[in-house]
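**Q** Would you mind keeping the following structure in view while I ask a few things?
The values are calculated or read from the model by the stated rules, or taken from the named source; none is laboratory data. Given the structure is predicted, the values throughout are model-derived calculations rather than measurements. FYI the Cβ positions are ideal-geometry reconstructions off the backbone, even for glycines, and counts take in every protein chain you see.
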Amino acid sequence: MKNLSFPGLPRVLVVDDEDGVREGLRALLQKEGVHVETAGAAEEGVRRLDQRAYDVVFLDLNLPGADGLSMLSQFRRGNAPADVVILTGYGTVANTVEAMRKGAADVIEKPFSADRILAVARRCLETRQLRNELAWLQDRVRELTATELVGLSPVIREVQTRIDQVAHAPDTTVLVTGQSGTGKELVARCIHERSARRNGPFVAINCAALTEALLEAELFGYEPGAFTGASREGKDGLFAVAAGGTLFLDEIGEMEPSLQAKLLRVLQERSFRRVGGVQDIPADVRIIASTNRDLRQMVQTGGFREDLYYRLAVMNVTVPPLRERAADIPLLSHFFLDQIGRQMGKALSGFTEEAMETLCEYEWPGNVRELRNAIEHGCIVCPSGMIDEIHLPKFTGGKLDGSDRIDRAGMVLEGENRSIKALESQLVGKVLDDTQWNISRAAAILGINRTTLYNKIRQYELGKRPLRAKVVS
């Protein structure tokens, strides 16, 4: 229990009228790094609970005066009640059922073993730690606004710092780069919302979605009768619609060279002309452009204007792929769960440990967009409660290519134990080490499912895998 992450030492209260039981449990649990206090009667235990919070209470069923069962509800008071474990020398099915009905975490019969006490204490504290982590994640999710970049990893903190820096320069052009699905438009919205232009409009257009002629008309607007099919009243373009705010040009690398020249003129002169017009109109907008392509490489090959590139890249914000910010996956997952769950009207409480491990181990080639889609899939499939691994899309454990070949010469059976179990133990251990304890990938290589692999890890006492990345403040 020494490796549990509590804000202080886990606090345990032992309520028993036998001195030997109280002191024995105190000595046993303190060796495991737990702070232990004791009480000889139920009323004394309740008074202690009124003074401070405890994580676990070991409560004797048969106490002088008020017995433990009748007082159980008082030990379960508060917003974060302690887990109560009943101790009894007269264990009956009726008592056990009644204790569990009133909220007891477990019932232990006397005389009990040290292993039994430690196993129950560990389970209660681990469950409590998971509840605390979930509550923290849910509180953090509720604090986030729709235009906040979710994440606490170092790489995403760098992006947040960059956003804050450029937000203070409301006219500076920004180029946002990154793979598809990383959240480039969200970064643009964050810059807009934190700048002096926040009260103006945020207007977005995908440069790859329209032909050159249509894109020009959408950006600059057009005069009446400027081309066949043009409205008789003419039309304002997005540069006019976004006046006082921000114009976001998504996938700028797909813009045709002739239109790039016209955009360059807007950035240089801070004015534009409608299609078919002769009058210059002031362009009071901040331009934020984004791309998943390498514009520098495109400049070298002639696919993008060099002068426009340097006009756009006054400030460059690079959004990292999700695999480089894996520590943010738990926070992002709970953010999407809360968001999508409310939209669907479902009260989903979180993720099982197996589901979260699957989410954390997958490499997410589709980045944050793919993660959100996976959570939405889970919200649709899961009827209620917690999303489990079976509710998620079927993730691959990795390709079985030459890199997964097992070197038989490297497996040596020591001593006289040359059984199949000994060989299997070595094989499982080697694959786990080779995959750095990526459970999904190791299970795929071994040709078994994750649950079977976990059972073999326990069976062969292979030890715990390295802890996955935690969200830290």
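**Q** Checking Pro365 against (1) modelled with pLDDT under 90; (2) exposed (fewer than 15 other Cβ atoms within 10 Å of the Cβ); (3) over 28 Å from Thr127 (Cα atoms), which test does it fail?
**A** (1)
**Q** Within the bounds of the stretch 291-309, is there any residue that is among the basic types (Lys, Arg), surrounded by fewer than 18 Cβ atoms within 10 Å (Cβ to Cβ) and without any contact (Cβ under 8 Å) to a residue 60 or more places away in the chain?
**A** In the first step, residues of the stretch 291-309 are kept if they are among the basic types (Lys, Arg); the result is 293, 296, 305.
From what's left, surrounded by fewer than 18 Cβ atoms within 10 Å (Cβ to Cβ): 293, 296.
If we keep only those that are without any contact (Cβ under 8 Å) to a residue 60 or more places away in the chain as well, we get 293, 296.
Among the residues of the stretch 291-309, at least one is among the basic types (Lys, Arg), surrounded by fewer than 18 Cβ atoms within 10 Å (Cβ to Cβ) and without any contact (Cβ under 8 Å) to a residue 60 or more places away in the chain, which makes the answer yes.
**Q** Still on this model: Go through Asn132, Asn95, Asn62 for me and flag whichever is under 23 Å from the mean Cα position of the chain (by Cα) and either among the β-branched types (Val, Ile, Thr) or at pLDDT below 90 (or both).
**A** None of the others qualify; the one that does is Asn132.
**Q** If Thr88 meets every condition in (1) assigned by TED's automatic domain parsing to the domain that holds Asp60; (2) modelled with pLDDT of 95 or more apart from one, which number is that one?
**A** Result: Thr88 fails condition (2) only.
**Q** Can you list the strands (runs of 3 or more DSSP E) lying wholly within the stretch 304-402 that have 3 or more residues being not polar (S, T, N, Q) and not assigned by TED's automatic domain parsing to the domain that holds Leu186?
**A** Values: elements: 315-318, 348-351, 385-387.
Where strands (runs of 3 or more DSSP E) fall fully within the stretch 304-402 and carry at least 3 residues being not polar (S, T, N, Q) and not assigned by TED's automatic domain parsing to the domain that holds Leu186, they are 348-351, 385-387.
**Q** While we're on this one: Go through (1) over 24 Å from the mean Cα position of the chain (by Cα); (2) not in a helix (DSSP H, G or I) for His192 and report which single condition fails.
**A** Unmet for His192, out of (1) over 24 Å from the mean Cα position of the chain (by Cα); (2) not in a helix (DSSP H, G or I): (2).
**Q** Checking Leu210 against (1) touching a residue at least 40 places away in the same chain (Cβ under 8 Å); (2) out of contact with any Gly (no Cβ under 9 Å at 6 or more places or on another chain); (3) surrounded by fewer than 21 Cβ atoms within 10 Å (Cβ to Cβ), which test does it fail?
**A** Looking at each condition in turn, Leu210 falls short on (1).
**Q** Please find, among Ala243, Ala261, the residue that is closer than 25 Å to Lys184 by Cα, among the hydrophobic types (A, V, I, L, M, F, W, C) and either free of Cβ contacts under 8 Å to residues at least 12 places away in the same chain or part of a loop (DSSP other than H, G, I, E, B) (or both).
**A** Exactly one of Ala243, Ala261 is closer than 25 Å to Lys184 by Cα, among the hydrophobic types (A, V, I, L, M, F, W, C) and either free of Cβ contacts under 8 Å to residues at least 12 places away in the same chain or part of a loop (DSSP other than H, G, I, E, B) (or both), namely Ala243.
**Q** Considering every residue within the stretch 57-68, establish whether at least one is more than 23 Å from Arg122 (Cα to Cα) and of a type in the set (A, V, I, L, M, F, W, C).
**A** Yes, that holds for at least one residue.
**Q** Could you give every pair whose Cβ atoms fall below 9 Å, whose first residue belongs to the stretch 171-185 and is aliphatic (A, V, I, L, M), and whose second residue is assigned to a loop (DSSP other than H, G, I, E, B) and modelled with pLDDT under 95, counting only separations of at least 6 or pairs across chains?
**A** Val174/Ala313; Val174/Val314; Leu175/Ala313; Leu175/Val314
**Q** Residue under question is Lys110, and the condition is that it be farther than 30 Å from Ala135 by Cβ and either outside the structural domain of Leu25 (by TED's automatic domain parsing) or modelled with pLDDT of 80 or more (or both); does it hold?
**A** yes
**Q** Suppose we keep only residues that are touching a strand residue (DSSP E or B) at 6+ places or on another chain (Cβ under 6 Å) and farther than 24 Å from Ala196 by Cα within the stretch 239-290. Which one would you say is surrounded by the most Cβ atoms within 10 Å (Cβ to Cβ)?
**A** The extreme case among them is Ile252.
**Q** Just one of (1) under 30 Å from Glu370 (Cα atoms); (2) surrounded by 10 or more Cβ atoms within 10 Å (Cβ to Cβ); (3) at pLDDT below 65 trips up Leu413, so point out which.
**A** Unmet for Leu413, out of (1) under 30 Å from Glu370 (Cα atoms); (2) surrounded by 10 or more Cβ atoms within 10 Å (Cβ to Cβ); (3) at pLDDT below 65: (1).
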